[in-house]
Amino acid sequence: MKISARNVLSGTVRSVTKGAVNAEVVIALAGGEMVVAIITNHSVDSLGLREGDAAYAIIKASEVMIGKGVENAKLSARNVLSGEVARLEPGAVNSEVEIRLGGGTPVVASITKASANALDLKQGDRVSAIVKASNVLVGIGN
């Protein structure tokens, strides 16, 4: 399968907690970071997700927000992944920012050029990639 999402993060299912309709799936990345996804119970069942299974957290670059100094902030977004700016590609309207997480996993964000300028982003800056759990898809290998 090929997919257009820029972020296909490989990991292991740490936990699956089912609710009435939706489930919380926590995926541990290779570097130890945790990504939380909220998906339907039907999706959990159809994927056969269980603790210890290999899985992918899939996130479109346009769903990744970037913050500076937000590690201890209280946010409604479940995923606040710390790292540093590894690459910054300014565009006419949007900028692409690659964040290298502490464990080495890259996360790509597509933010407006105005936002990149307002954050005064530079390579090497400490930042956080912020993603709502409902914006994380879960995939498994073939």
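Data for the structure
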item	result
Residues of segment 57-106 that turn out to be of a type in the set (Ser, Thr, Tyr), more than 14 Å from the chain's Cα centre (by Cα) and assigned to a loop (DSSP other than H, G, I, E, B), as a count	1
Any hit, segment 127-136, residues being at pLDDT below 95 and either closer than 30 Å to HIS42 by Cα or part of a strand (DSSP E or B) (or both)	no
ASP45, sole failed condition from (1) buried (at least 16 other Cβ atoms within 10 Å of the Cβ); (2) not in a loop (DSSP other than H, G, I, E, B)	(1)
Residue among VAL80, VAL8, VAL26, VAL97 that is in contact with a helix residue (DSSP H, G or I) (Cβ under 9 Å, 6 or more places away or on another chain) and either buried (at least 19 other Cβ atoms within 10 Å of the Cβ) or under 27 Å from LEU119 (Cα atoms) (or both)	VAL97
Number of positions in segment 107-126 that are outside any helix (DSSP H, G or I) and either buried (at least 19 other Cβ atoms within 10 Å of the Cβ) or touching a residue at least 24 places away in the same chain (Cβ under 8 Å) (or both)	12
Inter-residue pairs, beta-carbon under 9 Å, first at negative phi and free of Cβ contacts under 8 Å to residues at least 40 places away in the same chain and in segment 63-78, second not aromatic (Phe, Trp, Tyr) and not in a loop (DSSP other than H, G, I, E, B), 6+ apart	ALA73/GLY67; ALA73/VAL80; ALA73/SER128
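Okay, residues lined up against (1) within 17 Å of ASN135 (Cα to Cα); (2) not acidic (Asp, Glu):
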position	(1), (2)
ASN7	yes, yes
THR12	no, yes
THR17	no, yes
ALA30	no, yes
LEU49	no, yes
ASP53	no, no
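The values are calculated or read from the model by the stated rules, or taken from the named source; none is laboratory data. Every value quoted in this text rests on a predicted model; they were computed, and no experiment measured them. Quick reminder, even Gly has a Cβ in these numbers, built from the backbone with ideal geometry, and neighbours come from all protein chains shown.
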